[in-house]
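In what follows, a structure is listed as structure tokens, so that the remarks can point back to it.
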Amino acid sequence: MIIEGIEFELTRKNIKYLRLTIREGKVRVSAPLLASEKEIFAFIHKKMHLIKKHINSCSGMARFEKRYVEGERFQLWGKDYTLRLKLGHAANACLLSGNEIILCLKSDNIEIKKKLVKQMYLEQLREKAQEYLRRWQSVTGLESDSLRIRDMKSRWGSCNIPKKDICLNLKLACFEELCLSYVTLHELLHLKERGHNKRFYALLWRYMPEWQKARQTLNGRA
Ligand SMILES: [Zn+2]
């Protein structure tokens with residue numbers, strides 16, 4: 001069935017409660033054998049906001065599947081780079097030059113290429129993320145205790161409030177810096193407002209009037 005343009009796969013099972021799973025953009029609803037259609041629709045409607053959010057973030061992430069071949073396009077801070085492979089080098093390295101990402105390699109091995117590019121993105125992101133975090137900390141007066149970077153599948157950032165730990169998605173380095181700035185601010189603000197409530201958005205508007213532009217870019221709708 002399709003609701004609001006989203007395809008749902010419904011299965012009846014011998015279970016007590018309605019269940020929903022989303023994997024690789026596919027939404028599956030498991031319903032108890034005797035659940036009425038009305039109950040199922042009500043359940044889906046209640047979850048619609050979350051479902052849409054998840055699907056958008058996944059289609060955004062799908063853009064990052066790479067093959068690591070000569071001439072392939074990569075994005076770094078919103079700019080296009082072309083991958084160049086240079087084989088037969090004594091040591092493996094990843095260099096940025098002009099609008100090229102140059103991989104110097106002993107041999108053509110996808111795992112090594114992946115690792116080198118990931119390392120480069122990690123270094124790029126770590127440096128800039130620390131800058132933005134310092135900046136937003138001094139503007140908002142909020143303090144996080146630690147900053148981590150991970151290659152996450154479905155979120156751009158997260159904040160562990162008790163630990164004051166902010167985690168950012170490695171792929172933020174692909175987008176213009178406004179996106180990194182926005183996610184850093186967003187997660188930092190959770191130290192003051194746990195939920196996405198009115199007060200949370202009021203703070204976002206106050207510190208970053210252009211935050212919606214960043215969110216649209218990240219959700220793949222810009
Ligand atoms: Zn949030």
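No lab work stands behind these numbers, since they all come straight from the coordinates. Here the structure is a predicted model, which means the values were calculated and not measured. Because the Cβ atoms are built from the backbone with ideal geometry, glycine has one as well, and the counts that use them run over all protein chains shown.
Observations
- Taking amide hydrogens as placed 1.01 Å from N in the peptide plane, the amide H of Arg155 sits under 5 Å from that of no residue at least 5 positions away in sequence or on another chain.
- The chain: relative contact order as a whole-number percent, Cα under 8 Å and 6+ apart: 14
- Descending semi-axes in whole angstrom, ellipsoid equivalent of the chain, from the Cα gyration tensor: 36, 26, 15
- In the elastic network of the chain, a GNM with C-alpha springs shorter than 10 Å, the most mobile of Arg67, Arg150, Arg134 is Arg67.
- Only Cα sites of the range 43-155 enter the Debye sum here, all with the same form factor; the resulting log10 I(q)/I(0) across q = 0.15 1/Å is -0.84, listed in q order.
- Glu176 long-range amide H proximity, modeled H, under 5 Å: Gly78
- Amide H within-cut-off set for Asn92, under 5 Å, with H built and near neighbours excluded: Lys106
- Farthest towards the positive end of the charge dipole of the chain, among the residues Met208, His186, Cys104, is the Cα of His186, using unit charges on the Cβ of Lys, Arg, Asp and Glu.
- Between helix 37-61 and the chain there is an angle of about 0 degrees, using the helix long axis and the longest principal axis of the Cα atoms.
- Net dipole in debye of the chain [+1 Lys, Arg Cβ; -1 Asp, Glu Cβ; about Cα centre; nearest 20]: 680
- The translational diffusion coefficient of the range 113-218, from Stokes-Einstein at 4 °C and 1.567 mPa s with a Kirkwood hydrodynamic radius over alpha carbon pairs, comes to 93 µm²/s.
- Distance (nanometres) between label positions extended 7 Å along Cα→Cβ at Ser107 and Arg23: 3.5
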